[in-house]
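The next block holds one structure in the form of structure tokens; read it before the comments.
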Amino acid sequence: MNAPASRPDLASTADQAELDPSSGKERSTARELPCVHCGLPTPCDGGCNPKQVFCCGGCRQAYQLIHGWGLDQFYSLRDQASGSSENLSLASLSSRNRYEVFDDDLFLGRSKPVEFGQGQLKTSLSLSGLHCAACVWLIENIAKRTAGWTSARVNMSRHTIEIIFAPQQIKLSQIADLIGQLGYTAFPLTDQPVDAFAAENRRLLMRIAVAGFLAANAMWIAIALYAGDASWVAADHRSLLRLFGTGLGLASVLGPGRVFFVGALASLRTRTPHMDLPVALGLLVGSVVGGYNAFVGVGEVYFDSLSMLVFLLLIGRWVQFRQQHRAANAIELLLRITPQHARRIESQQPGDFNAASEPSDPAQASGDGRMVTVDSLQTGQAVRVLVGESIPVDGSVLAGQSMVDRSLLTGESVPVAVGAGDEVTAGTVNLTSPIDVQVSAVGMESRIGQVMQTVERALGKRTPIVQLADRIGGVFVVAVTSLAVVTFAYWLRSGLDQATANATSLLIVACPCALALATPLAIAITLGRAAKRKVLIRDGGVLQQLSRPGVVWFDKTGTLTEGRPKAKQIAGPEEALFIATALERSCCHPIADAIIQAAQQAAATRSESQAVDSYVCQNVALAVGGVSGEVQQIDEAGDSIRCWDAKIGNQPFVSAHAHPIDVSMQRAVERCVDDGATPILLAVDGQIVAVFGVADRLKRDASQTVESLRALGWQVGILSGDHPSTVQLIANQAGVPKSMAFGAMTPEEKLAVVTSASSPSDESRDDSDSRLNPADLDPAIVRGTTVMIGDGANDAAALAAADVGIAVRGGAEVSLQSAPVFVASSRLHCVPELIQASKSANRLIATTFAVSLSYNMIAAGLAMSGMITPLVAAVLMPISSVSVLSLSLIWPTFGKETR
């Protein structure tokens, strides 16, 4: 049965043995029987002899050899140990049957697939056997070539793989089987942390130890042979030494060196060029020629060089693995926002904070609580969080009352009061009093964990430049293999030994691992360093886009300004501020908070703090643009002294419910607008009696940020829903050209400007609002990168439509859904820092790519010219990868952090 050539179904199984009914032939009764030698299920016809079933020619030859030597008892002893040959066949299942448990949700546990839409499922598995970028590249390319396997995203730092597949076309067990065929082992995620690095490091060190032992002994024999050439060792002794050396070298190639052949065979099987292919070819050519020379007794045997070659290659792979782990581990640590340890309450009862209040001895500050790692916590356990600490888990408050800062997750700038029964989330900060929290979710299961997974997925995303590097790496593998054939053919006239040595040197030294490693490593390190500065990046592709200047659009409120408006009374009696406060108490709005705060400050200045509380409001009615109600002034006994019908809000709302505004109040409104404040009017018993100006101050680093962006070649503009005159004032303060400041913009109009698809309508605008039409913007700006900076919730449409959306408000949880970048810091200057880092990251990619490509070209030239031996090639081969790793780690993508 042949799979379609364009997209082979690598997971197709042998149970397709029935013939097409349309053929007119009778269906066969195809079945699977165990191989007589190894027990693997083997497809065969219904009339085949069960005792003559072999899965491959190798098993047939082994079976005939065992019988030829009269060792038939081997099979009897084997069957007795298993109970019967039938039991053996069940115990020696094929890899496919071994992985059938992956279709059982109970076995998968945390790795149970979840719905992903369009009939697809998504799951995550742990992986063992990963050692370099080539492994990631191979597995992800296999997914593209397998029907039903939509995508695979490998995380080197965690040794996990995220799989999306169509269950109607392929089972998870079949995918696990394919991964196993590539030489890697998949298994479900566990609740207990698995040190994948330690396990893989141990395996590599064991291979190195065995390879070192074999190489050392092979070299001793080689020394004896070289000395024998000068001391006339007997020919039979010399032949014996050659055979012993051959045996040691062959053991090294087929033992520790087997890892290179596994990668190469997987490459050939899946028709995807792999970095191990040239290395395996070099070892194979050297082994074949050396083995032939050993048995015929003439020429070089190479096995001293080949055994040392395997030893040095494994050392290089181990060094690269350690360096990659160092980089990945650094990234993982930078991404951690929640604390890694917590105070688990054991003998102490929740709510007993006596010991926790001891300030003198920090070791005793945890009371009877025990410091444990957060990963070890279980659902239902309790932890204690002291003042100023970040809450380590999601859960509910068991005891205590406090104020919690939730700005990182939700974007709320005002702390929230929590008490017994209230929900709290990891990553938020406990501000005022100790609390005990019952655990409901830990680590990546928490809300902040889900946000961090969104960021972490960016590390594995294959951006266009990474895909280009992958394609170049694949072409390079084919080119090196072809050049090795040409080299061998060219040098064959100088002898088989010389041709073999030069071709092997080329295959070894020109390994393109560094080419495949350079780009993704540079992006991953930049994203990690950005996270350290509280800039969370969901898509690594923004680094490439931010390196091309264009236009940066800022929202005003909360982006260029602080987002915490201040109120000031422009006109009207002092008592008007207290009446306004009574109305605004029923509102949850920044303007209401500003008026209330102004009244409290005014009362405190006159030592009349109780005056504010003596004004109360009844029959409150909320409407678009304002609030109305019945305000009363009460005495100490609670009796009403005076009563007013009051309304407060913007000018259209108040004017619609009051007498026409008089000249003095209109001048106050105009003065308020000229100062860049929003006018708020108060009407009492139908008469407008007071005007308040509410203004939002410019952030301290806003002007510096705009100046830095313009110095970097970017145009800067403002898109705001505020009054045009207010926007013009803020633009003047921030250094933004008036022609690039747009006010009274609806979300739809912001979207139109960002996409340059249409221009905002000028209807219902003030005639004094002289602004450029967005459709008339400089074409160079339109062609460049469009960046929108605003609120992750309110500006979601514009953020998502821009080439790069940067959310500075709204909280990480909401913002990362609409924008690929979220700034958790209050510093606005981190935006030009990110742009500079993007340019630096692109320079790093170009530099590392040039270094690795130049190195390989020079080394390949030396190998083809016969100037280096296979042994020297093995020493030089890992230098390019280590150089790329070291350069990426020390490259200054970000400058020194300013505060």
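Nothing in this text is a laboratory measurement; each read-out follows from the coordinates by a stated rule. Predicted model only: the values in this text are computed from it and were never measured. In this analysis, Cβ positions are derived from the backbone assuming ideal geometry, glycine residues included, and neighbour counts consider all displayed protein chains.
Couple of notes before you dig in:
- Residue-wise HN-Hα coupling along region 591-602, computed from phi with Karplus coefficients 6.51, -1.76, 1.60 (Hz; x: Gly, Pro): 5, 4, 4, 5, 5, 4, 5, 5, 5, 5, 5, 5
- Charging the Cβ of each Asp and Glu at -1 and of each Lys and Arg at +1, and nothing else, the dipole of region 103-194 about its Cα centre rounds to 260 debye.
- Classified by the C-alpha gyration tensor, region 643-710 has a prolate form. Its axis ratio a/c, with a ≥ b ≥ c, is 1.5 or above, and a/b is larger than b/c.
- Extension gain for the segment LEU496 to SER239, taken as residue separation times 0.36 nm less the Cα-Cα distance, is 90.5 nm to one decimal.
- Restraint check, LYS566/LYS647; LYS568/LYS750; LYS699/LYS750; LYS532/LYS699; LYS532/LYS839; LYS144/LYS534, Cα-Cα greater than 27 Å: LYS568/LYS750; LYS144/LYS534
- Prolate/oblate/rounded call for region 103-194, Cα gyration tensor, a/c under 1.5 rounded: oblate
- In a simple Cβ point-charge model (Lys, Arg +1; Asp, Glu -1; nothing else charged), region 566-695 has a dipole of about 380 debye relative to its Cα centre.
- Taking the fewest neighbouring Cβ atoms within 10 Å as the starting point, the ordered list for SER547, SER586, SER267, SER305 is SER586, SER547, SER267, SER305.
- With a Förster radius of 60 Å applied to the beta-carbon distance between ASP422 and ALA489, the computed FRET efficiency rounds to 0.20.
- Cα shape, region 592-709, gyration tensor, a/c 1.5 rule: oblate
- Note, ³J(HN,Hα) from phi for region 214-220, Karplus 6.51, -1.76, 1.60, rounded to Hz, x at Gly and Pro: 5, 5, 4, 5, 5, 5, 4
- Using θ = phi - 60° in the Karplus curve 6.51 cos²θ - 1.76 cosθ + 1.60, the 3J(HN,Hα) couplings for region 522-532 round to 4, 5, 4, 5, 5, 5, x, 5, 5, 4, 4 Hz; x is entered for Gly and Pro.
- Ordered by the number of other Cβ atoms lying within 10 Å of each residue's own Cβ, fewest first, ASP803, ASP276 fall into the sequence ASP803, ASP276.
- The slack between SER586 and SER440, meaning 0.36 nm per residue of separation minus the straight C-alpha distance, is 49.1 nm.
- Listed by Cβ neighbour count within 10 Å, with the fewest neighbours leading, PHE311, PHE822 appear as PHE311, PHE822.
- Pairwise label distance in nanometres, HIS657 with ARG843, each label 7 Å out on the Cα-Cβ vector: 6.0 nm
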